[in-house]
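These notes concern the structure reproduced below.
The values are calculated or read from the model by the stated rules, or taken from the named source; none is laboratory data. Note that the structure is predicted; figures quoted are calculated from it, not measured. Every residue, glycine as well, gets a Cβ built from its backbone with ideal geometry; the counts of neighbours run over all protein chains shown. When the accessible area is computed, the model is the full protein with side chains, heavy atoms only, and any ligands, DNA or RNA have been set aside. Shrake-Rupley method; radii C 1.70, N 1.55, O 1.52, S 1.80 Å.
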Amino acid sequence: MQNPADKTQLSIPEAVLLGHALVQRVADSLGIRAFFIKGPASVVQGLRLPKMSVDVDVFVAPADLDALLGGLRERGWRERPVDPDERSFPRHSTTIDHPSWPCCIDVHFRFPGMEAGPGDCFDVMWAHTEALELAGQEVRVPSKALGILILALHALRSPHLPACRQELEFLNELTEHEGHTAAIVDIAKATGSLAAMRPFLEDLGSQPGEWPEASMEWRNRLLAKEPGSARIIAIAQAPLREKPKLLFRAIFPAREVFLTGNIYADLSFKGRLRQHQARWARFLRAFPRVAKDLNQLRRRGPAAKSAGRPRR
C-alpha cells in the first residue's frame, strides 16, 4: 500500500522551481537584490540543453549574505557543514538545506574567475539582469550575455571533463549565432574575468587587448583536479609557520569534513575510524592523478609555490 506521505512529497524538479520562488519572496521581503544563475532559468533562456537541476543557485551581494541566510533560517533552512580549510578550498557560496525539501540552496556571494572585488562584481552583474517567471513568481536572472559568461566560467573550472567541454562548445556556438561576444567581453572586463575567460574568448576569435594574468586561486583550481591535490598545493604555497597546522588537518581533518558529503555520517569513534579508512582509500586510488597535478605545479616554477592568503 502506498504511503500517503509519498503523494505529497516534492519531487526534485518541483522543489527546485518552488525554491526559486521561495528565495525570491524572502529576498523581496528583506529588500535584498538577488538573482538566480544556472538551473532551470538557463534552460528557459536557451543557454543550456534541457537537464534536471538538483539545487537552487542564487547570487547576492556579499553585504546581504547574512541577511538572506537569516531570512531562510527563519523558515527552517540550515547551513550545511563546510570544510574549514579555506586555503585549500576558498569559499564562494554557502549551501543550505531543509529536512522537508529534496533540494539544496546555494547562496553565492562571489564567483571563481571574477577577480574584481565581490561587491563591485555583483553591481556589474546586477546591471545585466532581467525578469523571468518561474513557478508563478517573477524572479531576476542574468541577461543572456551574463548568463553565458557565468556558465562558461563554471565549465572552464574543469575543462578536462567531457560534460564541461560539451557545454563550452554549446555556448560557443550560441554566442556566435546570436552575436553576444562584444557584450560578454565588456562584462568580463568589468568583473575582472578576462584571464579566466581567455580560452573561451580566443575560440571566438576575440582579442580584447592585452590579456591579464590569471590569479593564483584560478590557476590552482585548474591545476587541482583532485581534492587531495588542492590540499597538497595549499600546503606547498602556505607560509612556513602555517604548514604544520595545514598538514595536521590534512591527516586529521575536522569533523565538519566528514559531514560535507553526508550530514548524517556516523561520528562515533568507530564511525570516524571507518570515515578515515574510506578517505585514505580514496586518496590512494587518486594518487596517480594527484602526482600528475603536483608535477604540473613543479613545472610552474617558484612563483607557484608561494602565495598569500586566498580570497574569501
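Pick out which of 64, 83, 266 has the largest mean-square fluctuation in a Gaussian network model of the chain, springs linking Cα atoms closer than 10 Å. Of 64, 83, 266, the most mobile in the Gaussian network model is 266. In order along region 185-200, the phi-based Karplus estimate (6.51 cos²θ - 1.76 cosθ + 1.60, θ = phi - 60°) of 3J(HN,Hα) comes to 4, 4, 5, 4, 5, 5, 9, x, 10, 4, 4, 5, 7, 3, x, 5 Hz; Gly and Pro are listed as x.
Keeping all protein chains in place, calculate the accessible area per residue for the chain (probe 1.4 angstrom), answer in Å².
Numbers: 15990 Å² over 312 residues.
With all protein chains present, the chain gives 51 Å² per residue.
On the principal axes of its alpha carbon atoms, region 204-243 extends 43, 22, 8 Å, with the longest extent given first. Between the C-alpha center of region 33-49 and that of region 114-160 there is a gap of 8 Å. Listed values (1) -0.39, -1.22; (2) -0.31, -1.23; (3) -0.41, -1.38 include one computed from this model; for log10 I(q)/I(0) by the Debye sum over Cα atoms at q = 0.08, 0.15 Å⁻¹ that value carries the label (3).
I'd like the Kirkwood hydrodynamic radius of region 1-107, using the inverse of the mean 1/r over distinct C-alpha pairs, in Å.
On the way: mean 1/r = 0.0666 Å⁻¹.
About 15.0 Å for region 1-107.
Karplus-based coupling profile of region 33-45, in residue order and whole Hz: 6, 8, 9, 10, 10, 6, x, x, 4, 5, 5, 4, 6, with θ = phi - 60° in 6.51 cos²θ - 1.76 cosθ + 1.60 and x standing for Gly or Pro. Estimated from helices alone, the mean residue ellipticity of the chain at 222 nm is -16500 deg cm²/dmol (sum of -39500 (n - 2.57) over DSSP H runs with n ≥ 4, per residue). Ordered from longest to shortest, the equivalent ellipsoid semi-axes for region 88-236 are 24, 23, 16 Å, each the square root of 5 times a Cα gyration tensor eigenvalue. Computed 3J(HN,Hα) for region 205-218, one whole-Hz value per residue from the Karplus formula 6.51 cos²θ - 1.76 cosθ + 1.60 where θ = phi - 60°, is x, 8, 10, x, x, 6, 7, x, 7, 5, 5, 4, 4, 5, glycine and proline marked x.
Kindly rank 278-290, 169-181, 31-43 from highest to lowest mean number of other beta carbons found within 10 Å of each residue. Don't skip to the end; give the middle numbers.
Values: 278-290: 13.1, 169-181: 15.5, 31-43: 20.5.
In decreasing order of mean packing, 278-290, 169-181, 31-43 become 31-43, 169-181, 278-290.
Roll a 1.4 angstrom probe over the protein heavy atoms and tell me the percent of accessible area of region 1-122 that is carbon or sulfur. Its accessible area is 54 percent carbon and sulfur atoms.
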